[in-house]
Amino acid sequence: MAREDTEDAIIAYKSILAQIIDNRPSGTRQRLATALGKHRSFVTQITSPTYATPLPARHLATIVRVCHFSATEEERFLEAYQAAHPGKLPDLGHSEKLRHLSLMVPDFGDDRKNRLLEEAISDLVQKIVAISVRNDE
């Protein structure tokens, strides 16, 4: 693929991603930065079509999870990503069965504190699942 074609393909999938993120609640970019262990400026670079920076394949599963892609959004985005980076699409591990769990937690009346609580709970659950998977092997 020619360089210009590759850049156009990157812009295409990043445009889809930007649209998805723009339709998510406020704070999604920050939650994504936290989940990736990166600064918010990194998230801006990898999600904005105005930057030519490609989105690293290793971050795809986290982005899909944190941004709560619908099946249609995920398919559209991953097809565009594959067009830009043929053969680089990782297995996102959707073969595992998932279930939704809802919790009632206190509202601290502060967006930052509420976000930190949500992130702490999410991190805890991910760590517990990782431990469980390792013990099953």
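For (1) crowded, with 16+ Cβ neighbours inside 10 Å; (2) part of a helix (DSSP H, G or I); (3) of a type in the set (Ser, Thr, Tyr), each residue gets a yes or a no:
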residue	(1), (2), (3)
29	yes, yes, no
55	yes, no, no
75	no, yes, no
79	no, yes, no
88	no, no, no
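Under 8 Å by Cβ, and 6 or more places apart or on different chains, what pairs join a residue from the stretch 1-17 that is outside any loop (DSSP other than H, G, I, E, B) with one that is of a type in the set (Ser, Thr, Tyr)?
From residues that are outside any loop (DSSP other than H, G, I, E, B), the pairs are 13/81; 14/47; 14/48; 14/51; 17/47.
Among the residues of the stretch 60-70, are any hydrophobic (A, V, I, L, M, F, W, C), assigned to a helix (DSSP H, G or I) and surrounded by fewer than 17 Cβ atoms within 10 Å (Cβ to Cβ)? If you could, list the steps in order and put the result at the bottom.
Step one: of the stretch 60-70, the residues hydrophobic (A, V, I, L, M, F, W, C) are 60-61, 63-64, 66-67, 69.
Now narrow it down to the ones that are assigned to a helix (DSSP H, G or I): 60-61, 63-64, 66.
Among the residues that remain, those that are also surrounded by fewer than 17 Cβ atoms within 10 Å (Cβ to Cβ) are: 61.
Yes - at least one qualifying residue is present in the stretch 60-70.
Could you list all residues from the stretch 103-130 that are in a loop (DSSP other than H, G, I, E, B) and either surrounded by 12 or more Cβ atoms within 10 Å (Cβ to Cβ) or in the same structural domain as residue 34 (by TED's automatic domain parsing) (or both)?
Of all residues in the stretch 103-130, those in a loop (DSSP other than H, G, I, E, B) come to 103-110.
Passing the criteria: only 108.
Can you name the residue in the stretch 38-62 that is in contact with a Leu (Cβ under 8 Å, 6 or more places away or on another chain) and polar (S, T, N, Q) and is also modelled with the lowest pLDDT among such residues? Quick ask: steps written out before the conclusion?
In the first step, residues of the stretch 38-62 are kept if they are in contact with a Leu (Cβ under 8 Å, 6 or more places away or on another chain); the result is 42-43, 46-47, 55, 57, 59-62.
Subsequent filtering for residues that are polar (S, T, N, Q) retains 47, 62.
Values: 47: 92, 62: 87.
This residue is 62.
So the check is Cβ under 9 Å with 6+ separation or different chains; which pairs have a first residue in the stretch 102-129 that's closer than 19 Å to residue 65 by Cα and a second one that's among the basic types (Lys, Arg) and surrounded by 10 or more Cβ atoms within 10 Å (Cβ to Cβ)?
From residues that are closer than 19 Å to residue 65 by Cα, the pairs are 115/31; 118/31; 119/31; 122/31.
The values are calculated or read from the model by the stated rules, or taken from the named source; none is laboratory data. Because the structure is a prediction, the values reported are computed rather than measured. Methodologically, a virtual Cβ is constructed for each residue, glycine included, from the backbone with ideal geometry; neighbour enumeration extends over all protein chains shown.
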